[in-house]
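The values are calculated or read from the model by the stated rules, or taken from the named source; none is laboratory data. Predicted model only: the values in this text are computed from it and were never measured. Cβ placement follows ideal geometry from the backbone for every residue including glycine, while neighbour counts extend to all protein chains displayed.
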Amino acid sequence: MLKVSRSKLDNLLVPIFSIILGFVFGAILMLFFGYNPITAYEAMIMGVFGSPYFLGEALRQATILTFTGLGFAIAFKAGFFNIGVSGQLLAGWVSAIWVALAFPDLPRLVLVPLSIGAGVLFGAIWAGIAGFLRAYFGTSEVIVTIMLNFTALHTTNYIIRNILAVGNTTERISENASLRVGWLTDLTAGSRLNMGFFIAIVVVILYWIFMTHMTAGFEIRAVGLNPFASTYAGMSAKKNIILSMVISGALAGLGGAIHGMGTFGNLFTQNALPNIGFNGIAVALLGLGNPIGIFFSSILFGVLDVGAGFMPNRAGVPDEMASIVIAAIIFFVGANYLIRLVLNKVSTNKAVQNEGGE
Amino acid sequence: MTTIKLRSLLALGASAFLLAACQGEDAGGGDTPVEDPATGDTSTDTGDTGDTDTDEDTTDEGDDTEAVDFSIAMITDEGGVDDRSFNQSAWEGMQEWAVDNGYSGERGDGINYYQSNDSADFVPNLNAALADGHDIIYGIGFLLLDSVNDVAAQNPDQWFGIVDEISELDNVVSLTFRDHEAAFLAGVAAAHTTETGQVGFIGGIAGPVIDRFETGFTAGVAHVDESIEVDVQYAESFSDAGIGQQIAAGMFTNGADIVYHAAGAVGNGVFTEARNRLESDPDSQLWVIGVDRDQEEEGNWDGGNFTLTSTLKGVGKSIILSADQTMEEGFPGGKNIAYGLEEDGVGLTRGNMSEEAWAAVEEARQSIIDGELEVPEFTYSN
């Protein structure tokens, strides 16, 4: 019993230490270059929490990060590195907007689920390609998903220019397809926070139930821990590879649909793959694959993302420095092995001392 | 068991490197206008004023002219303020305006910029600028049109500007450029300079704005010599120098000796590629044509300079003019101010052109201004 709670405590301590170390390292960097880290962090935190608008924007960002984070996490649980979250998000975005633009007059209760469904479906298909190739031909899912990222990017731009719009931006989707709700917008002083936030909470709960209380979820975890043993135990590795990638893509596609229907309300040609897909990887790692952990780490990332914009203009830290500080925090988040090692050392030392004392 | 854990944790660590690499795709560049933190702090108000139009209480630092009670800000597109091209020329214009009006020219002193790393940043950046209280907030680039329109509609008492696009709203001034006229002159220059009979055009993101450059350039080349081939390619980016370098490499390999880019920070890769080729083979003759601001300094290499010329786009100037006009006669809201060769809003530098090429350019410039020569604006008709 004691042991279980001990490791649970560790699981909470590791991410918290990572975050603190990241902030400390960022502060040292800023000091080194002659900027005041306290004003910088104050600008960042007060900028976000001092105004309902920017808090709303941070939560909106967190909404999408929750989906990309969960999407990455489930593939990672099964032992795959799905770096194509960004492309799957884009696939979901374009298909949701496409459906929403095609049937603008359907009632909201039909159109919203239909558009979201399209996003989920195409996100799933996009990731499913990589899963299928991996299962039947043993191709590396890392390479395939990276390639599919670019395919998604350029296909999306082509679809916008040649099918959905004349220029670089599609029309706005109709009210009936929008995820924005008046009271949420009013509550956050006009931010783009939308129903997606609540969908995210529901999905977090569903994800937790799926992974801990359902056979399919157990199989995915088992295949990730030891594919040979789970094959021996009668589980189909092929089926689980594809299933985990499909769910991963579906979650990313859902994020894309909500990004399109909630954040922007339209689709425009992309300069590069959306950063939010890659940041989802960091979110999943910080959350240690735990859905609730992912939810809170995506909120942290949302705050960092929106708050970083205040560092240049309110604390005189240049934009580049702000990016470096954020990257440092992400680095320490990812390097949590180091922190785990230190924590273990400290606790064993204590144990030895305690024994000696008695 | 422990080894598996160890390995997966190591993988996590490794992925952190990967993520750090994925974070910023900044084109790289050392000469960012870094501000002095000490002076930056003194004059930026911390946003407590909300969106009232009160300005920074400027504490003049040794300037003898009194600073005006007027401040302007810009929101960059994804290229960033140090793209050595479009955004940078806007920022340089703002700095010039600031110095002319008694400010120090430092960021945060009467002028400010808000850098966008992603299209999702546009609206929050506009709102941050709004909270900081500026008289006019400019969106730099057509990518910001939707965002500017949204925020402007929510804040009818705040003045906005949009560059390269036309907004219908009464509190937005639209600043557009007849870029095809300048690009036409660049085409004339290229046609008179090329020795291989092949030139290249690299666009940023395909769309009406960059299409003007492409149309003007190809028309200018054809105006001189129909047989010269123009290789047109798009980078689908305004920020990725790597793609620019890759496309330029392909064009030079295929025999083009002049490449014109209209792609913001992507162009930095074009200059890099030309420099690499010239340094490995100093006898070859390659040229790059710059865009939006005089990019002559980007073309310096050991054997001279390979920037043939640059098309100029007076983004900075248009900002200065509209800010001045607002202070003197009121805000030109809802208007579209178009700048062409005639208004000196666009132009072409002398650069390293031969006498013959320059004479041809001058002649074409005059015929365009006189209306004898009509430059097509778009390749498609809608």
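List of remarks:
Let's see how each residue does on (1) more than 30 Å from B:GLU106 (Cα to Cα); (2) not small (Gly, Ala, Ser):
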site	(1), (2)
A:ILE242	yes, yes
A:ALA272	yes, no
A:ASN275	yes, yes
A:LEU286	yes, yes
A:GLY289	yes, no
A:VAL317	no, yes
A:SER323	no, no
A:ARG340	yes, yes
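- Flag if A:ASN240 is surrounded by 24 or more Cβ atoms within 10 Å (Cβ to Cβ) and more than 14 Å from chain B (Cβ to nearest Cβ): yes
- In this structure, A:THR145 does not satisfy being out of contact with any Lys or Arg (no Cβ under 8 Å at 6 or more places or on another chain), closer than 21 Å to A:GLY280 by Cβ, surrounded by fewer than 22 Cβ atoms within 10 Å (Cβ to Cβ) and polar (S, T, N, Q).
- Restricting attention to region B:270-318, the residues that are within 28 Å of B:THR76 (Cα to Cα) and of a type in the set (A, V, I, L, M, F, W, C) add up to 9.
- Residue check, A:GLY277 in contact (Cβ under 8 Å) with a residue 60 or more places away in the chain, more than 10 Å from chain B (Cβ to nearest Cβ), closer than 30 Å to A:GLU171 by Cβ and not charged (D, E, K, R): no
- A:GLY256 being in a helix (DSSP H, G or I) and within 13 Å of another protein chain (Cβ to nearest Cβ): yes
- Test: residue in region B:344-354 that is modelled with pLDDT under 90, surrounded by 15 or more Cβ atoms within 10 Å (Cβ to Cβ), outside the structural domain of B:ASP294 (by TED's automatic domain parsing) and under 25 Å from the mean Cα position of the chain (by Cα): yes
- Extreme residue, farthest from A:ASN279 (Cα to Cα), among residues of region B:99-113 that are buried (at least 24 other Cβ atoms within 10 Å of the Cβ) and not acidic (Asp, Glu): B:TYR103
- A:VAL204 vs. criteria more than 17 Å from A:TRP93 (Cα to Cα), crowded, with 17+ Cβ neighbours inside 10 Å and away from chain B (no Cβ under 14 Å): yes
- When A:LEU65, A:LEU9 are checked against the criterion of being within 30 Å of A:LEU225 (Cα to Cα), part of a helix (DSSP H, G or I) and more than 21 Å from the chain's Cα centre (by Cα), A:LEU9 stands alone in meeting it.
- Taking the listed residues A:VAL317, A:VAL325, A:VAL306, the one that is in a helix (DSSP H, G or I), crowded, with 24+ Cβ neighbours inside 10 Å and within 9 Å of another protein chain (Cβ to nearest Cβ) is A:VAL306, with no other qualifying.
- Residues of region A:257-302 satisfying the condition of being among the aliphatic types (A, V, I, L, M), surrounded by 24 or more Cβ atoms within 10 Å (Cβ to Cβ) and closer than 17 Å to A:PHE81 by Cα: A:ILE276, A:ILE281, A:ALA282, A:VAL283, A:ALA284, A:LEU285, A:LEU286, A:ILE294
- Candidates are the residues of region A:259-268 that are within 11 Å of another protein chain (Cβ to nearest Cβ) and of a type outside the set (Gly, Ala, Ser); the one that is nearest to A:ALA130 (Cα to Cα) is A:HIS259.
- Residues located in region A:328-353, provided they are facing chain B (nearest Cβ under 8 Å) and not hydrophobic (A, V, I, L, M, F, W, C): A:GLY334, A:ASN336, A:TYR337, A:ARG340
- Among residues of region A:167-211, those that are without any contact (Cβ under 8 Å) to a residue 24 or more places away in the chain, in contact with a helix residue (DSSP H, G or I) (Cβ under 9 Å, 6 or more places away or on another chain) and not in a helix (DSSP H, G or I), counted: 1
- Pairs are defined by a Cβ separation below 9 Å, a sequence spacing of at least 6 or placement on different chains, a first member in region A:329-358 that is of a type in the set (Val, Ile, Thr), and a second member that is modelled with pLDDT under 70; the pairs so defined are A:ILE330/B:ALA16; A:ILE330/B:LEU19; A:ILE330/B:ALA20; A:ILE330/B:GLN23; A:VAL333/B:ALA16; A:VAL333/B:LEU19.
- Pairs with Cβ under 6 Å, 6+ apart, first in region A:262-273 and of a type in the set (Ser, Thr, Tyr), second part of a loop (DSSP other than H, G, I, E, B) and surrounded by 23 or more Cβ atoms within 10 Å (Cβ to Cβ): A:THR263/A:ARG192; A:THR269/B:ILE205
- Filter pass, B:LEU126 being assigned by TED's automatic domain parsing to the domain that holds B:GLU96, closer than 29 Å to B:PHE70 by Cβ and out of contact with any helix residue (DSSP H, G or I) (no Cβ under 9 Å at 6 or more places or on another chain): no
- Residues that are buried (at least 16 other Cβ atoms within 10 Å of the Cβ) and more than 26 Å from A:GLU57 (Cα to Cα) were ranked within region A:162-188; the one that is nearest to the other protein chains (Cβ to nearest Cβ) is A:GLY167.
- Taken over region B:87-115, the criterion of being within 13 Å of chain A (Cβ to nearest Cβ) and outside any loop (DSSP other than H, G, I, E, B) is satisfied by B:ASN87, B:TRP91, B:ILE111, B:ASN112, B:TYR113, B:TYR114.
- Residues of region B:296-316 that turn out to be surrounded by fewer than 21 Cβ atoms within 10 Å (Cβ to Cβ) and in contact with a strand residue (DSSP E or B) (Cβ under 9 Å, 6 or more places away or on another chain), as a count: 3
- Selection from region B:68-81 of residues that are surrounded by 24 or more Cβ atoms within 10 Å (Cβ to Cβ) and not hydrophobic (A, V, I, L, M, F, W, C): B:SER71, B:THR76, B:ASP77, B:GLU78, B:GLY79, B:GLY80
- The listed residues are A:PHE80, A:PHE54, A:PHE25, and the only one of them that is of a type outside the set (Lys, Arg), surrounded by 24 or more Cβ atoms within 10 Å (Cβ to Cβ) and part of a helix (DSSP H, G or I) turns out to be A:PHE54.
- Residues of region B:277-286 include none that is buried (at least 24 other Cβ atoms within 10 Å of the Cβ) and not hydrophobic (A, V, I, L, M, F, W, C).
- Residues that are within 19 Å of B:PRO332 (Cβ to Cβ) and within 13 Å of another protein chain (Cβ to nearest Cβ), drawn from region B:135-150: B:ILE137, B:LEU144, B:LEU145, B:VAL148, B:ASN149
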